[in-house]
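Okay, structure first, notes after.
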Amino acid sequence: WVQESDPDLFEEIRERVTEGRGEIAGGMWIEPDCNVPCGESFVRQGLYGQRFFRAAFGRTAEFGFNPDSFGHAGTLPQILTKLGMNRYLFMRPMPESEMHYPDGATFWWMANDGSRVLTNAIHESYNGSRDEVMDRLPRVVSWPHLIRGQRHLLCFFGVGNHGGGPTKRAIEALQKAMSDPAGPALQFSTVGAFFDGIEASHDDSAIPTIDADLQHHAR
């Protein structure tokens with residue numbers, strides 16, 4: 001849609017991706033419902049999505065990204081890996097209130113055929129105005145759903161819902177927090193770098209495995 005309605009803006013986006021400041025996410029045509037569609041529908045989502053990314057950006061997405069889907073079918077790891085994505089980021093169902101993640105909410109998610117993707121539940125929420133994200137930082141560090149020894153943490157910020165991105169006030173507050181020696185070591189980063197950090201700091205066997213649907217949200 002951006003490419004069609006604002007070609008100049010689209011070229012700026014392509015430049016940011018080339019610079020490493022924009023990250024290709026999701027690999028699907030839209031963020032689909034992840035419960036009801038058949039396997040062929042998921043495959044088509046990924047086929048058309050990844051085909052577009054390759055044509056427009058010269059690369060494809062390396063991780064699945066469905067934070068708002070109301071649950072996730074247990075067959076998805078097989079489809080994601082065949083689409084060239086071996087990582088997955090989601091938010092719903094929430095830990096404890098909607099699903100129990102016995103050994104932490106970063107885990108290998110495995111399909112029945114043995115395919116697996118390194119998966120993470122977004123801590124708290126993808127929304128975060130300046131005040132919300134500053135309140136969240138100490139909670140993220142002590143989040144009860146970290147895996148054993150986890151030191152790489154993911155904290156989303158930005159207005160979030162309905163297209164609201166990061167604000168100047170939130171960025172300024174985070175930059176100020178980066179200079180606080182008493183706080184966590186903060187950096188603006190990418191989802192890919194977060195997953196790289198998890199894999200570099202944990203042996204394969206130290207990361208728990210879940211081999212089931214991720215259910216349920218908003219019963």
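Relative contact order of the stretch 54-126: what whole-number percent is it, with Cα pairs under 8 angstrom and at least 6 residues apart? Before the final figure, lay out each step's value.
Working: 114 pairs, mean separation 25.1, N = 73.
About 34 percent, as a whole number.
Can you tell me the order of 13-22, 43-52 when each peptide is scored by its average per-residue count of other Cβ atoms within 10 angstrom, highest first? List each step's numbers first, then the result.
Values: 13-22: 12.6, 43-52: 17.1.
With the highest mean Cβ count within 10 Å placed first, the list reads 43-52, 13-22.
Which percent of the accessible heavy-atom area of the chain goes to carbon and sulfur, probe 1.4 angstrom?
50 percent
Can you pull the semi-axes for the stretch 143-197, root of five times each eigenvalue of the Cα gyration tensor, sorted largest first, whole Å?
Working: eigenvalues 91, 55, 23 Å².
For the stretch 143-197, the semi-axes come out at 21, 17, 11 Å.
How many angstrom separate the Cα center of the stretch 36-81 from the Cα center of the stretch 4-34?
15 Å
If I take R0 = 30 Å and measure r between the Cβ atoms of R16 and Y48 in this structure, what FRET efficiency does the formula 1/(1 + (r/R0)^6) give, to the nearest 0.05? Don't skip to the answer; put the middle values down first.
Working: r = 23 Å, r/R0 = 0.76.
Efficiency, rounded to the nearest 0.05: 0.85.
Of all alpha-carbon pairs in the chain, indicate the percentage at a distance above 32 angstrom.
On the way: 4346 of 23871 pairs.
That fraction is 18 percent.
On the first, second and third principal axes, largest extent first, how far apart are the outermost C-alpha atoms of the stretch 1-116 in Å?
Ordered largest first, the stretch 1-116 gives principal extents of 47, 28, 22 Å.
Just want to confirm a number: the relative contact order over the chain, from Cα pairs under 8 angstrom separated by 6+ residues, in percent.
Numbers: 359 pairs, mean separation 43.7, N = 219.
Computed over the chain, the figure is 20 percent.
Students often check this: by mean Cβ neighbours within 10 Å, which of 103-116, 177-190 ranks highest, and how do the rest follow? Numbers along the way, then the final one.
Working: 103-116: 17.7, 177-190: 11.1.
Put in order of decreasing packing, that is 103-116, 177-190.
What accessible area per residue, rounded to a whole number of Å², is obtained for the stretch 35-74 using a probe radius of 1.4 Å? Walk me through the numbers before you get to the answer.
On the way: 1990 Å² over 40 residues.
Counting only protein heavy atoms, the per-residue value for the stretch 35-74 is 50 Å².
Got a sec? Which residues in the stretch 126-147 would a label at A206 touch, if it sits 7 Å along Cα→Cβ and we count backbone N under 14 Å?
147
Put +1 on the Cβ of each Lys and Arg and -1 on the Cβ of each Asp and Glu in the chain; which of H72, L174, T106 then has its Cα farthest toward the positive end of the dipole?
L174
Before anything else, pin down the relative contact order of the stretch 59-173: Cα pairs under 8 Å, at least 6 apart, normalised by residue count, whole percent. List each step's numbers first, then the result.
Numbers: 188 pairs, mean separation 27.0, N = 115.
So the answer I get is 24 percent.
Per 0.36 nm of contour for each residue apart, how much would the distance between D113 and N86 grow if the chain were fully extended, relative to their Cα-Cα spacing? Could you put the intermediate results ahead of the total?
Working: separation 27, 0.36 × 27 = 9.72 nm, distance 1.46 nm.
Stretched out fully, the D113 to N86 stretch lengthens by 8.3 nm.
Out of the DSSP beta bridges found with both residues in the stretch 10-158, what percent are antiparallel (nearest 5)? If you can, show how the numbers build up before the last one.
On the way: 6 of 15 bridges.
Bridges in the stretch 10-158 are about 40 percent antiparallel.
The values are calculated or read from the model by the stated rules, or taken from the named source; none is laboratory data. On a predicted model such as this, the values are computed, not experimentally measured, just so you know. Neighbour counts are summed over all protein chains in view; Cβ atoms, including those assigned to glycine, are modelled from backbone coordinates with ideal geometry. The accessibility values were calculated without ligands, DNA or RNA, using every heavy atom of the protein model including side chains. Shrake-Rupley method; radii C 1.70, N 1.55, O 1.52, S 1.80 Å.
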